[in-house]
Amino acid sequence: MPNLASSWFGALRHLRHSDYYRSHIYDSFVPMKFVTVRDLRGKTSELWQTLERERELVVTSNGKPIAILSATDEDTFEQCVWALRRSRARDALEHLQRDADARGLATSTQTEIDTEIAKSRRRRAG
């Protein structure tokens, strides 16, 4: 039976030399380039080339980030959208958990939670 650790490290070594690693994993640790809305309007074709090379760009307006452009293709589009939505949902859940901790609600019983939900629903209904 093969050693699981050596199999895993072999797969990792292979991954590090693959195109996927270079274009997805490694790039996630490299700082993103920033472009302005003005650049987006005036230098569109140049920015598409930069996006292809950099994989992600941060769009700014008045010096503040307003969007992230992320390169994708037909094969990975659905995976990219799913990953983005999953990440946003995870962030929202973590925010709710921190808020519950701050308000002292993290130790609520299921009955207390159900009561709060019922109150909220009654307020919305009427």
The number of residues in the range 34-56 that are surrounded by 14 or more Cβ atoms within 10 Å (Cβ to Cβ) and part of a strand (DSSP E or B) is 3
Would it be correct to say that Arg90 is over 22 Å from the mean Cα position of the chain (by Cα), of a type in the set (Lys, Arg) and in a helix (DSSP H, G or I)? no
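The rows are residues; the columns are (1) at pLDDT 90 or above; (2) out of contact with any strand residue (DSSP E or B) (no Cβ under 6 Å at 6 or more places or on another chain); (3) over 30 Å from Ile117 (Cβ atoms).
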site: Met32; (1), (2), (3): no, no, yes
site: Asp39; (1), (2), (3): yes, yes, yes
site: Gln49; (1), (2), (3): yes, yes, yes
site: Ser61; (1), (2), (3): yes, yes, yes
site: Ala67; (1), (2), (3): yes, no, yes
site: Gln79; (1), (2), (3): yes, yes, yes
site: Ala89; (1), (2), (3): yes, yes, no
site: Ala92; (1), (2), (3): yes, yes, no
site: Gly104; (1), (2), (3): no, yes, no
Report whether or not Arg86 is basic (Lys, Arg), surrounded by 10 or more Cβ atoms within 10 Å (Cβ to Cβ) and at negative phi. yes
| request: Report yes if Asp75 is loosely packed, with under 10 Cβ neighbours inside 10 Å and of a type outside the set (Phe, Trp, Tyr), otherwise no. | output: yes
By residue number, the members of the range 41-75 that are touching a residue at least 12 places away in the same chain (Cβ under 8 Å) and not aliphatic (A, V, I, L, M) are Thr50, Glu52, Glu54, Arg55, Glu56, Thr60, Ser61, Pro65, Ser70
What do you reckon, is Asp27 modelled with pLDDT under 55 and either surrounded by 13 or more Cβ atoms within 10 Å (Cβ to Cβ) or touching a Pro at 6+ places or on another chain (Cβ under 8 Å) (or both)?
yes
Within the range 57-87, of all residues that are outside any strand (DSSP E or B) and among the polar types (S, T, N, Q), the one nearest to Val35 (Cα to Cα) is Asn62
Of the residues in the range 106-126, those that are in a helix (DSSP H, G or I) and either surrounded by 10 or more Cβ atoms within 10 Å (Cβ to Cβ) or of a type in the set (A, V, I, L, M) (or both) number 11
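The values are calculated or read from the model by the stated rules, or taken from the named source; none is laboratory data. What you are looking at is a predicted structure, and each value in this text was computed from that prediction instead of being measured. Every residue, glycine as well, gets a Cβ built from its backbone with ideal geometry; the counts of neighbours run over all protein chains shown.
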